[in-house]
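A.B. asks: Take a look at the following structure, please.
Readers should treat all values here as calculations from the given coordinates under stated rules, not as data from a laboratory. Quick caveat, the model's predicted, so the values are computed rather than measured. Cβ placement follows ideal geometry from the backbone for every residue including glycine, while neighbour counts extend to all protein chains displayed.
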Amino acid sequence: MKFVITAGPTREPLDPVRYLSNRSSGKMGYAIAAAARETGHEVILISGPVALTAPAGAEVVPVTTGEEMFATAAAHFARCDVFVMCAAVCDYKPARYAAQKMKKERGAFSLALEPARDILSSLTSSPHDCFVVGFAAETEELRRNAQRKLAEKKCDLLVANDVARTDIGMDSDDNELLIFFKSGAEKKLWREKKTELARTLLKIILDAREKCLTKKT
Ligand code: CTP
């Protein structure tokens, strides 16, 4: 089966030396890619800038900005069986890129930002055959926000994690996941190493995809 997985942060440049980004390490996405490779699947890993070694046998496509990630994902979306949108994409980008390093001036400074594309929503808005897995990074009202994202972003399954905690989630080796299915069912995966969680998550994804295909036929 062919998996396309996005991982890590995106970066939106401000000037030649500065950018907007977030704390995503890419560990969860890379762990899912490794789990898929371990079980013999083809993996295209679209990765934002991270300090991780590529899982053996995965085809890694490095990207930096959200638009680069979108263009790469769009090129593979129609031809994959499972699409996993694990990347932490910047929601805003600088309204203008300054070709020269911006000089500091006295007093307060504010930055004009404009919305960045929602990659997942852009991809799922057209008809597609692949099974779509979204993620949600939440600091509050995890269940309500995750259920909304599952529906609004037209995912088949959505994996939510609490990024307010410092012992799990962003940049940590561990995570705890709450998985939401289109049927309304939920499944909790308690705290564990991301590498282990990814193996369990992979089985859940493949099982849900199988059920989804059975329903369609
Ligand atoms: N996502 C995306 N493009 C964006 C932002 C998010 O494709 N510009 C994807 C993420 O990869 C994830 C899902 O949408 O699969 C939810 O991302 P999350 O950061 O939890 O939520 P947002 O949609 O950014 O909403 P908010 O920041 O308000 O929670």
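A.B. asks: Which FRET efficiency value, to the nearest 0.05, is calculated for Asp173 and Asp129 with the Förster distance at 35 angstrom and r the Cβ-Cβ distance?
C.D. replies: 0.50
A.B. asks: Another question, if that's okay. How would you rank Glu176, Glu196, Glu141, going from fewest to most other Cβ atoms within 10 Å of each one's own Cβ?
C.D. replies: Glu141, Glu196, Glu176
A.B. asks: Report, in degrees rounded to the nearest 10, the 0 to 90 angle that the Cα long axis of helix 66-77 makes with the longest principal axis of the chain.
C.D. replies: 30
A.B. asks: Here's a follow-up. Enumerate the whole-percent occupancy of each 5 Å bin, from 0 to the last occupied one, for all C-alpha pair distances of the chain.
C.D. replies: In whole percents, the pair-distance histogram is 1, 7, 15, 19, 20, 16, 10, 5, 3, 2, 1, 0, 0, 0.
A.B. asks: For Arg106 paired with Ser122, estimate the spin-label separation in nm (one decimal), with each label point 7 Å from Cα along the Cα-to-Cβ line.
C.D. replies: About 4.3 nm separates the two model spin labels.
A.B. asks: Taking the 0 to 90 degree range and rounding to the nearest ten, how far is the long axis of helix 142-152 tilted relative to the main principal axis of the chain, both from C-alpha atoms?
C.D. replies: Result, in degrees: 80.
A.B. asks: Based on other C-beta atoms within 10 Å, arrange Met69, Met102, Met28 from fewest to most.
C.D. replies: If I rank by nearby Cβ atoms, fewest first, I get Met102, Met69, Met28.
A.B. asks: Output the peptides 200-211, 82-93 sorted from most to least packed, where packing is the average of other Cβ atoms within 10 Å over each peptide's residues.
C.D. replies: 82-93, 200-211
A.B. asks: Using alpha carbon centroids, what distance separates the range 79-99 and the range 9-49, in Å?
C.D. replies: 10
A.B. asks: For Glu192, list long-range residues whose amide hydrogen, built 1.01 Å from N in the peptide plane, is under 5 Å from its own amide hydrogen.
C.D. replies: Asn175
A.B. asks: Picking from Val43, Ala208, Leu123, whose Cα lies most toward the positive end of the charge dipole for the chain (charges on Cβ: Lys, Arg +1; Asp, Glu -1)?
C.D. replies: The residue sitting farthest along the positive end of the dipole is Leu123.
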